[in-house]
Amino acid sequence: MRVTSTGIKNGIFDDRYGKRGTQFNENGIPTCSIPFRVEDAPEHTLSLAVVLEDKDAYAVTGGFAWIHWLAANITRFDIKENESQTATDFLQGINSWTSVQGGQQSKELSCYYGGMTPPDKAHVYELHVFALDSMLNLEQGFLLNELFREMEGHILEQVTLKGIYEK
């Protein structure tokens with residue numbers, strides 16, 4: 001399986017997917033989600049799940065990765081730019097903007113892509129794409145641990161695409 005994104009060039013995320021973009025929610029959080037394409041998914045793939053995380057946030061958050069986007073039950077292999085805001089054919093989970101460090105944004109606003117805003121230095125962001133042999137029993141607003149619990153035993157393949165977003 002291969003995952004590519006036109007939003008990453010030479011290992012760098014385009015500005016529009018983070019704090020230097022032009023699309024923000026009412027709390028000033030970037031909302032324009034990255035596009036990606038999956039090719040050569042395993043034969044029995046019924047759905048995809050996505051986790052976009054920032055492990056470089058450990059030092060800033062006091063010890064945990066920052067979750068920017070959770071999505072599940074994706075049944076197509078081409079996700080366009082900003083589909084976190086527009087698509088209705090897959091579920092999305094809660095990102096870290098709902099945490100104390102994220103200003104306790106509402107669950108409703110946090111059930112979408114919450115873009116990159118590294119406060120201290122350039123961060124490496126990891127887009128984990130999971131090919132699954134089933135649809136997951138989740139509801140809109142699911143949590144990361146619920147996603148991993150539901151995926152257990154159903155992951156056919158997993159690929160990670162990395163990129164840097166500059167401070």
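The values are calculated or read from the model by the stated rules, or taken from the named source; none is laboratory data. These figures come from a predicted structure and were not determined experimentally. Backbone-built Cβ (ideal geometry, glycine too); neighbour counts: all protein chains shown. The protein model used for the area step is the full one, side chains on, heavy atoms only, and it has no ligands, DNA or RNA in it. Shrake-Rupley method; radii C 1.70, N 1.55, O 1.52, S 1.80 Å.
Quick notes on this one:
- Residues of segment 31-53 classified as touching a Ser or Thr at 6+ places or on another chain (Cβ under 7 Å) and not in a loop (DSSP other than H, G, I, E, B), total: 3
- Evaluated against (1) open to solvent by less than 70 Å² (accessible area, probe 1.4 Å); (2) of a type in the set (Phe, Trp, Tyr); (3) more than 25 Å from Leu143 (Cβ to Cβ), Phe77 falls short on exactly one condition, (1).
- Residue match in segment 45-56 (condition: surrounded by fewer than 17 Cβ atoms within 10 Å (Cβ to Cβ) and modelled with pLDDT of 95 or more): yes
- Enumeration of residues in segment 112-131 that are open to solvent by less than 10 Å² (accessible area, probe 1.4 Å) and either under 14 Å from the mean Cα position of the chain (by Cα) or of a type outside the set (A, V, I, L, M) (or both): Tyr113, Gly114, Gly115, Met116, Pro118, His123, Tyr125, Leu127, Val129
- Residue check for Val60: surrounded by 12 or more Cβ atoms within 10 Å (Cβ to Cβ), within 18 Å of Arg76 (Cβ to Cβ), of a type outside the set (Phe, Trp, Tyr) and in contact (Cβ under 8 Å) with a residue 12 or more places away in the chain: no
- Elements of type helices (runs of 4 or more DSSP H) in segment 65-167, at least 1 residues being at pLDDT below 95: 107-110
- Residue count for segment 1-46, restricted to those that are free of Cβ contacts under 8 Å to residues at least 40 places away in the same chain and among the aliphatic types (A, V, I, L, M): 0
- Index of the failed condition, Ile94 passing every other in (1) in contact with a Cys (Cβ under 8 Å, 6 or more places away or on another chain); (2) free of Cβ contacts under 8 Å to residues at least 60 places away in the same chain; (3) closer than 22 Å to Gly163 by Cβ; (4) not charged (D, E, K, R): (3)
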